[in-house]
Amino acid sequence: MSETAARDTLEPLRKLFAYDAAKVAAMFLGIWVLFYVFGTQLGYGNNGLLALVRRVTFLAGVYGIVVLALNIQWGYAGLFNIGVAGFMAVGAYTAAMLSSSPAGAPAGLGLPLPVGILGGMLAATVVGLVAALPALRLKADYLAIVTVALSEIIRIVYNTPAFADITGGASGFDNLPTSPVNTLLLSDPSSTISEPTAVGEAVFSFFSGFGIQRFTAINTVYTVGVLVALLLVYLILERAGKSPYGRVLKAIREDETAAQSLGKDTQNFKVRAFALGCGLMGLAGILWFAMGPRASITPVTFRPNITFYIFIALIIGGAGSNTGSVLGGALFASLLFEAPPVVRNLITDAFDVSADPANLIEALAPVASGELAPLAGFLLNNIDTLRFIGMGLLLVILVQRRPDGLLGARKETAAGVSLGADTRPSRDTDASDVAADATGGGADD
């Protein structure tokens, strides 16, 4: 096949992947297929396969939401916020305080869950505003220091025994508000074995036909809801990014002094962007911890490492690109976070690796005599630690080789018509021909 023919054959595919929706759909499809193959090789049944795919999809969804929130701050406005975990904690804790049962320990207010969700987002937004007003006068590294310090202050406040009656202290909340999915599917939302509602009967009947247990079905429906929330957040931020507001944020990121010279109140724009991102981080914390399948809120959950995971995901996808944020969040959650333990199980099942050396020296010493089992056993038993080393190496490589990430280098259109080389008239083209093309044809048409 000639080069021209090959190019013509691939042209429809290239046009298809010019759309953001096609890229995201292809990525999720690839992740689902990969983990379906993993589960099949591990001998999982339908219930286990769905649980495996659902878990990675859920993590991809919540990572996508919080990475989008960080992107509006760092990717659009250039605000270096390393306090992401703290704002997620504010959202999750506030929702739990508002909507959990008054009879629990700690006692909540028992308000409807939508009130708790909106209250959690509002609380995260307000904390973001309070932090932004003084902190955004600082630049770069100084802003990062303030935000990471604020995140740790929030975590320590929730952890202190002095507020245990309100926050639960080190134990956190054990009576979290009931997920809206439980309310939709179960007659008694507090019990997963209660009688189903009419909707629940239809849903459980559908899943039971494939041998799927009720608990997995409930979590799957909740994960679909998280994906819907991800889509809504993406559409809102995509619209905001293309609006005059978004263009001002990008101007501030590139040169704040130039933006000020054009009469823009850059401080006001930065405060609003910071508050918007914090509110969405609060939403991610609610969906992830307060209402998700994990349903656990403890101060230790919101350590700084979760902030750095989110930054890695954004760097992978590309700062400044909403589509890149979704891609980066999903790729991080699936390939870097969930895949290594699954691969370890695959290798352990396929090969008899029973060696368990105590340290790297004991693992490397037998390699000289041709024995690789100790090294393989050491790597498999320490794959969780090696996963973090791999993240660090990937981050170094990305910063050096592709600092813009997968989609962060895309150029934005500044003209109403395409100015590509294939659309510009040649020197020999008559002006009348160009005018005829622009109006749809000549007089003979």
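When the Cα centres of region 227-285 and region 43-66 are compared, how far apart do they sit, in Å?
30 Å
Let me know the Rg and Dmax you get for region 33-100 when you use only its Cα atoms, in Å.
17.3, 48
Rounded to whole Å, give me the distance from the Cα center of region 145-159 to that of region 363-378.
Region 145-159 and region 363-378 have Cα centres spaced 44 Å from each other.
Suppose a student asked you for the relative contact order of the chain, using Cα pairs under 8 Å spaced at least 6 residues apart; what percent would you report?
The normalised contact order for the chain reaches 24 percent.
For the chain, evaluate the Debye formula with one uniform point scatterer on each Cα (no solvent term) and list log10 I(q)/I(0) at q = 0.13, 0.14 Å⁻¹, rounded to two decimals.
The calculated log intensity ratios at q = 0.13, 0.14 Å⁻¹ are -1.26, -1.37.
If we count GluC sites (Glu not before Pro) as exposed when they sit in a DSSP loop and have at most 16 other beta carbons within 10 Å, what is the longest stretch of the chain that avoids them all?
The longest such stretch corresponds to 1-370.
Going by amide H atoms built from the backbone, whose H comes under 5 Å of the H on Phe173, apart from near neighbours?
Result for Phe173 returns Ile297.
How large a share of the accessible area of region 9-135, in percent, is made up of carbon and sulfur atoms when the probe is 1.4 Å and the other protein chains stay in place?
75 percent
With the Cα gyration tensor of region 121-247 giving a ≥ b ≥ c as the square roots of its eigenvalues, does the rule (a/c under 1.5 for rounded; else a/b larger than b/c for prolate; else oblate) give rounded, prolate or oblate?
Since a/c reaches 1.5 but b/c is at least a/b, the shape of region 121-247 is classed as oblate.
Can you list which of the DSSP-assigned H helices in the chain have a Cα extent of 24 Å or more along the long axis and an average Kyte-Doolittle score of at least 0.0?
Result, helices passing both filters: 20-41, 46-70, 113-135, 140-159, 214-242, 266-285, 383-401.
Is the shape of region 9-132 rounded, prolate or oblate, going by the alpha carbon gyration tensor and its root eigenvalues a ≥ b ≥ c, with a/c under 1.5 for rounded and a/b larger than b/c for prolate?
Oblate shape, in that a/c is at least 1.5 and b/c is the bigger or equal ratio.
D for region 49-203, whole µm²/s, Stokes-Einstein with Kirkwood Rh over alpha-carbon pairs at 10 °C and 1.306 mPa s: what number?
Rounded, D is 90 µm²/s.
Give me the 1.4 Å probe accessible area per residue for the chain, excluding ligands and nucleic acids, in Å².
Per residue, the chain has an accessible area of 52 Å².
At 4 °C and 1.567 mPa s, what whole-number value in µm²/s does Stokes-Einstein give for the translational diffusion of region 306-349, with Rh from the Kirkwood sum over Cα pairs?
118 µm²/s
Leu186's amide H: which non-local residues (gap 5+, or another chain) put their own amide H closer than 5 Å, with H modeled 1.01 Å from N in plane and none for Pro or chain starts?
Residues meeting the criterion, in which the H sits 1.01 Å from N, are Thr197.
Using helices alone, I'd like the mean residue ellipticity at 222 nm for the chain: each DSSP H run of four-plus residues gives -39500 (n - 2.57), total over residue count, nearest 500.
-20500 deg cm²/dmol
If you take the square roots of the eigenvalues of the alpha-carbon gyration tensor of region 211-288 and sort them as a ≥ b ≥ c, do you get rounded (a/c under 1.5), prolate (a/b over b/c) or oblate?
Taking the square roots of the gyration eigenvalues as a ≥ b ≥ c, region 211-288 is prolate.
The values are calculated or read from the model by the stated rules, or taken from the named source; none is laboratory data. This one's a predicted model, so the numbers in the text were calculated from it and none came from an experiment. Reconstructed Cβ throughout: ideal geometry from the backbone, glycine too, with neighbour counts over all protein chains shown. Only protein heavy atoms, including side chains, enter the accessible area calculation; ligands, DNA and RNA are left aside. Shrake-Rupley method; radii C 1.70, N 1.55, O 1.52, S 1.80 Å.
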